[in-house]
2 protein chains.
Amino acid sequence: MKTSKKHYHHGDLNQSLLNAASLILRNEGVEGLSMRKLADQVGVSRTAPYHHFKDKNALLCSLAEAGFKQQQADLQALADNSGATREAFTQYVYRYLAYAQNHSEIYDLMFGRTIWKAGEPTAELQNSAKSTFKTWVYWIGLWQESGVLTQNNTSLRIGQTTWASLHGLARLMIDGVYPDQTGQSEMVEQMIRNLCSHQ
Amino acid sequence: MKTSKKHYHHGDLNQSLLNAASLILRNEGVEGLSMRKLADQVGVSRTAPYHHFKDKNALLCSLAEAGFKQQQADLQALADNSGATREAFTQYVYRYLAYAQNHSEIYDLMFGRTIWKAGEPTAELQNSAKSTFKTWVYWIGLWQESGVLTQNNTSLRIGQTTWASLHGLARLMIDGVYPDQTGQSEMVEQMIRNLCSHQ
DNA sequence: CGAACAATGTTGACACCGTCAAGATAAGCA
DNA sequence: TGCTTATCTTGACGGTGTCAACATTGTTCG
């Protein structure tokens, strides 16, 4: 019943849709992701997906949500293996940017206008985002305590600004504004030097 | 011949299209800007705009280009009236962010994926962007000389990172990821503190 | 002046898109 | 068994960008 192709019911359409959508996203970007093509890819009629996702926006939110969870797990693993040292922060930054580059389309969904401005973020998505940010602020606090980051403001504020800086870097690389890879790691190094406290 | 409505030829369609597009952009965002609606608004047939812009992408590039020029003039005026002081830098940052907020849709066109990744930036647009960035780097150099910004790297590198930070802040505000205005100016203040050299 | 030509406008058509409404099919349960 | 509900289907509507073919106008030159 699961792998059969002649069944009227698909079996696990919800997940299949997410998988196929992920693939299209990676290969063709959001612009190449349409509900019709998606349905076709999965081998189902145009409107079948609407029984699993309210609309396209809901599908995208689901993808972004998965992105948040993966990113959070990704980074959590790193933090567990090291203290609040400057080296850990550096690695954190590199991981963050690597994630943004390796999953640029999902990253765009997570933080871009498609969902947050043009569309409407699902409640679940908002929760995921908020949770991720809280974890981030928590670690910022630790880095402040250990003197890696400046203590001239609350961890919330420092969390906001450092994240904004990281995000800006990620966006410029992702959106094709900095097309050349040249000097990219130098930029990151300089950015880290800027973010860390100068004693 | 100019203001008449019964003429077969419009008279100044090119500019009229840009004006109308600007208006739609401001009121409804890029999502609400379609070539057909645009043509309708100007009172011309669907495909008339294609005699003035190769395609929608070209139109958007033109809008973004105008944005660059306006921004550059905007900021140039500021710089002319003040030296390379920290106060000038602060004002610069505020102006930059204000521009991003007050012209969020154009800002998005100038630096967003719509043109730079999904579409193809016109040669003219690329020139405008490059020119603006060069001016930016030039001023960064002056601020470095006067000790406002750090001298631990080239003006190009510092220009890239400070701009990335600013850009990140702008994006988060624009894209609706930071919906509340609360503490926004505090964020900016902290960001400036971070960017300026700590003597 | 008039004819040729280029610029600018028009309608028609095509292939997409998101999504709603109504009906078909299957699964779960009484 | 039959009823309900979840799932999937086809059909349809209004929207999109843009190409091809044709109409009109302004320009230029013999």
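Every number in this text was worked out from the coordinates using simple rules, so none of it is lab data. Predicted model, so just to flag it, every value in this text is computed and none were measured. Cβ atoms come from the backbone with ideal geometry, glycine included; neighbour counts cover every protein chain shown.
Descriptive notes on the structure:
- For peptide A:153-166, the mean count of partner chain Cβ atoms within 10 Å of a residue's Cβ comes to 6.
- Residue order, fewest to most surrounding Cβ atoms within 10 angstrom, among A:LYS69, A:LYS56, A:LYS117: A:LYS69, A:LYS56, A:LYS117
- Here the Gaussian network model covers chain A, with springs between Cα atoms less than 10 Å apart; of A:HIS51, A:HIS103, A:HIS167, A:HIS51 fluctuates the most.
- Ascending list, in nanometres, of distances separating the B:GLN70 label from those of the other copies (7 Å, Cα toward Cβ): 3.9
- Lys/Arg +1, Asp/Glu -1 at C-beta; region A:21-178 dipole; positive extreme among A:GLN76, A:GLY32, A:PHE89: A:GLY32
- For chain A, built as a Gaussian network whose Cα springs stay under 10 Å, the top-fluctuating residue of A:ALA84, A:ALA164, A:ALA58: A:ALA164
- Residue-level result for chain B: its Cβ closest to the axis carrying B onto A, with that distance in Å, is B:GLY168, 1.
- Summary for A:GLY183: label point 7 Å along Cα→Cβ; distances to the equivalent points in the other copies, ascending, 3.5 nm.
- Its relative contact order, with pairs defined as Cα atoms under 8 Å and 6+ residues apart, puts chain B at 20 percent.
- Residue-wise HN-Hα coupling along region B:39-48, computed from phi with Karplus coefficients 6.51, -1.76, 1.60 (Hz; x: Gly, Pro): 4, 4, 4, 7, x, 9, 6, 3, 9, 4
- In a reduced charge model with +1 at each Lys and Arg Cβ and -1 at each Asp and Glu Cβ, region A:72-190 shows a dipole moment near 380 debye about its Cα centre.
- Region B:1-143, dipole about Cα centre (Lys/Arg Cβ +1, Asp/Glu Cβ -1), debye to the nearest 20: 340 debye
- Amide H contacts under 5 Å for A:LEU149, placed H, 5+ residues apart: A:GLN144, A:SER197
- If you run the Gaussian network model on chain A, springs between alpha carbon atoms under 10 Å, then out of A:ALA64, A:ALA21, A:ALA48 the most flexible one is A:ALA48.
- Ordering B:GLN181, B:SER155, B:SER104 by Cα displacement along the dipole of chain B toward the positive end leaves B:SER104 in first place; charges were set at the Cβ atoms of Lys, Arg (+1) and Asp, Glu (-1).
- Cross-link pairs B:LYS54/B:LYS134; A:LYS54/A:LYS134; A:LYS37/A:LYS69; A:LYS56/A:LYS117; A:LYS69/A:LYS134 - those with Cα-Cα distance over 18 Å: B:LYS54/B:LYS134; A:LYS54/A:LYS134; A:LYS37/A:LYS69
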